[in-house]
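Read the structure below first, then the notes.
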Number of protein chains: 2
Amino acid sequence: MGSGMETGKALETSLRILNAAEILFVEHGFSGTSMRQITGAAQVNIAAVNYYFGSKEGLFQAVFERRAEPFARLSLDKINQLTSSKNNFTATEVAEAFMSAAMEMGSNPAHGGLIFVKLLARSYVEPNPVLKEKLPQRYGELTRRYLEALGQALPHLSSQEVSWRFHFMTSAMFNAFAGNNVMRLFMTQSLVNARDPQLVAQMLLPFIAAGLNSPAAV
Amino acid sequence: MGSGMETGKALETSLRILNAAEILFVEHGFSGTSMRQITGAAQVNIAAVNYYFGSKEGLFQAVFERRAEPFARLSLDKINQLTSSKNNFTATEVAEAFMSAAMEMGSNPAHGGLIFVKLLARSYVEPNPVLKEKLPQRYGELTRRYLEALGQALPHLSSQEVSWRFHFMTSAMFNAFAGNNVMRLFMTQSLVNARDPQLVAQMLLPFIAAGLNSPAAV
DNA sequence: TTAATTTTCAAACAGTCGTTTGAAGTTGAT
DNA sequence: ATCAACTTCAAACGACTGTTTGAAAATTAA
């Protein structure tokens with residue numbers, strides 16, 4: 001087995017596979033991407049995937065894990081930084097914490113830019129068996145921390161309603177940063193430019209902030 | 001070719017295929033669903049799909065078209081009803097119009113309930129070549145009408161920013177009604193119940209309304 | 001240099017894919 | 001009852017799927 005992918009040219013090969021697979025998985029999904037597409041784009045032999053990652057599923061998991069850790073750590077840092085700095089933080093600040101993590105991730109080419117957000121947005125609707133257990137493991141604590149912080153900032157809302165608003169917030173955010181746009185889908189032109197994370201965040205913040213702070217529904 | 005699918009048992013067969021395919025496409029995507037899965041679930045011979053729909057792509061198109069028309073008509077009716085009833089309608093009312101269409105569609109089992117919204121939410125991230133031209137054709141005018149109405153209700157915003165807010169609104173809406181939930185993905189429990197469209201709408205409205213009416217970002 | 005290890009490669013594996021075929025079965029009209 | 005049109009069916013089509021093989025090539029260690 002290829003346990004020594006940290007030396008010489010081997011690293012280059014497995015890295016080329018990861019990079020090619022990442023793009024293809026985001027674009028066409030897991031089952032919509034074939035081994036030969038991946039190895040063709042990466043310019044490696046088709047057996048290299050099984051050599052380095054064991055299987056196609058193993059490759060997908062590796063593709064995901066590569067980005068999941070830095071994103072989770074970044075998001076967790078942001079919320080910890082906020083909640084430990086003061087007692088009376090606002091819901092807007094919680095949203096900013098979450099968004100700044102996505103922004104920094106999206107602006108950093110070393111972290112794949114916005115690719116990982118797109119992969120997350122896809123996982124939103126495409127229930128991958130690999131992610132079914134990997135995601136709660138990676139983001140369970142993170143989600144609980146944000147829900148807790150949001151509940152603390154919005155004490156007039158029930159925990160049920162706090163969960164709903166977190167749900168709405170993340171939906172809008174992920175799709176916004178991923179560039180999943182109604183107009184791109186329903187019209188021929190797009191009308192908005194999702195390329196620049198800074199601009200997305202700027203447009204997103206007032207919407208999310210107002211939504212979170214809106215009066216209770218019940 | 002099976003051009004006479006409006007007589008006798010033939011209708012039953014093509015209908016069974018449509019119903020089975022709809023669920024499987026939503027659950028596993030286009031490339032993640034095989035002909036044999038579909039015909040197995042529908043309990044028909046595998047050749048029946050090509051006989052009635054020409055190809056797998058043709059089937060997908062038929063699955064989509066069956067729900068697209070009533071949804072588009074419903075949404076268009078709602079916005080026309082609002083804009084013709086008075087001159088000074090609010091952004092909240094525009095959001096309500098859009099939401100009530102999704103609600104009525106989701107509450108009506110004859111229209112497949114929430115299945116179509118899930119299919120739409122999936123199309124959000126999975127760029128199906130069939131939909132690439134079908135969606136603008138079906139929803140182009142609809143989108144323009146809503147954007148126009150939203151711009152009229154929010155005259156202090158630039159058309160750019162109106163587009164962004166429509167983008168955020170629809171992202172939150174589609175994922176909410178489709179039940180695409182962060183907590184369902186990132187945690188083991190879900191914390192929110194997306195089964196009841198009425199409840200979803202009730203939770204969604206104050207969030208969306210406040211977001212739309214928030215002060216301009218620029 | 002020799003020996004051991006790691007990596008690459010072309011070729012083939014069994015299985016599944018969407019699709020087609022041609023015959024058998026069914027239906028309704030004359 | 002006869003005919004034509006429609007629908008169903010088992011079987012097979014070539015192409016493609018992910019994976020494995022065993023030898024060649026490249027790299028590393030002694």
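A short reminder: the numbers here are calculations on the coordinates, not readings from a lab. Computed from a predicted model, the values in this text were never measured in an experiment. Reconstructed Cβ throughout: ideal geometry from the backbone, glycine too, with neighbour counts over all protein chains shown.
For the reader, a short list of remarks on this structure follows.
- Residue A:117 more than 7 Å from chain B (Cβ to nearest Cβ) and in contact (Cβ under 8 Å) with a residue 60 or more places away in the chain: yes
- Condition broken by residue A:113, with the remaining ones in (1) buried (at least 21 other Cβ atoms within 10 Å of the Cβ); (2) not in a helix (DSSP H, G or I); (3) not basic (Lys, Arg) satisfied: (1)
- For the range A:21-41, filtered to residues that are of a type in the set (A, V, I, L, M) and surrounded by fewer than 22 Cβ atoms within 10 Å (Cβ to Cβ), the residue that is nearest to residue B:29 (Cα to Cα) is A:24.
- Where helices (runs of 4 or more DSSP H) sit wholly within the range B:8-67, those with at least 3 residues that are within 13 Å of DNA strand C (Cβ to nearest atom) and touching a residue at least 24 places away in the same chain (Cβ under 8 Å) occupy B:8-28, B:47-53.
- Search result, residues across the range A:192-205 that are at the interface with another protein chain (Cβ under 8 Å from one of its Cβ atoms) and buried (at least 19 other Cβ atoms within 10 Å of the Cβ): A:192, A:203, A:204
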